[in-house]
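Enquirer: Take a look at the following structure, please.
Read the figures in this text as sums done on the coordinates, not as results from a lab. In this text the structure is predicted, and so the values were computed from the model without any measurement. FYI the Cβ positions are ideal-geometry reconstructions off the backbone, even for glycines, and counts take in every protein chain you see.
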Amino acid sequence: QVQLVESGGGLVQAGGSLRLSCAASRSTLSTYAMGWFRQAPGKEREFVARISRNGGSTDYADSVKGRFTISRDNAKNMVTLQMNSLDSEDTAVYYCAASRHLKGTIWRNDYDYWGQGTQVTVSS
């Protein structure tokens, strides 16, 4: 069982940056690929980024490519999502998730554990 807790969300102006963190307890994160997803009001939860177990492989949604960076520190049991050049389209609840897949995937159903989410609001 993995418990994931996100932090770092908040209100930011368009063009600004936020850094989200996901801390794990009750398990070692290094045995899981990790992903970030987001859900805006009235929309389905969508893939944002994923990182493999050892951090050597990453993937991003086209909408965030070049602006967001996912990274992990297995020694600290933590995954982060650095978000730059934010715009109003990025407003959503952001969730981190853990997957038993080696590299992680873009599909929600491939993730076994989820955090409670953290709200990101970008004002224009």
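Enquirer: Going by average Cβ density within 10 Å per residue, which order do the peptides 72-81, 32-41 take, highest to lowest? Please list the in-between numbers first.
Expert: Numbers: 72-81: 18.2, 32-41: 21.9.
Packing proxy ranking, top to bottom: 32-41, 72-81.
Enquirer: Still on this structure, please answer the following. Distance in nm between label sites at Gln3 and Ala61, each 7 Å beyond Cα in the beta-carbon direction?
Expert: About 2.8 nm, to one decimal.
Enquirer: Suppose every Lys and Arg Cβ carries +1 and every Asp and Glu Cβ carries -1, with no other charges. What dipole size does the chain come out with about its Cα centre, to the nearest 20 debye? Intermediate values should be presented prior to the final figure.
Expert: Details: 14 positive and 11 negative charges, 76 e Å.
It comes to approximately 360 debye.
Enquirer: For Lys103, give me every one of the lysines with a C-alpha distance below 17 angstrom, ignoring sequence neighbours fewer than eight places off in its own chain.
Expert: In chain and number order, there are no partners.
Enquirer: How big is the chain by the Kirkwood estimate over distinct Cα pairs, in Å?
Expert: On the way: mean 1/r = 0.0711 Å⁻¹.
Taking every pair of different Cα atoms in the chain, averaging 1/r and inverting gives 14.1 Å.
Enquirer: For Asp110 paired with Asn84, estimate the spin-label separation in nm (one decimal), with each label point 7 Å from Cα along the Cα-to-Cβ line.
Expert: The answer from the label model is 2.7 nm.
Enquirer: Ok, one more. Can you work out the PRE-style zone for Arg26? Point 7 Å along Cα to Cβ, and I want the residues of the stretch 73-106 with backbone N under 14 Å.
Expert: It comes to 98, nothing else.
Enquirer: Then there is this: Please list, in order, the residues from the stretch 66-105 whose amide nitrogen is less than 20 Å from a point placed 7 Å along the Cα→Cβ vector of Gln13.
Expert: Residues passing the 20 Å test: 83-92.
Enquirer: Among the aspartates and glutamates, select those whose C-alpha is under 19 Å from the C-alpha of Lys65, and discard any that sit fewer than 8 residues away in the same chain.
Expert: Glu46, Asp87, Glu89, Asp90
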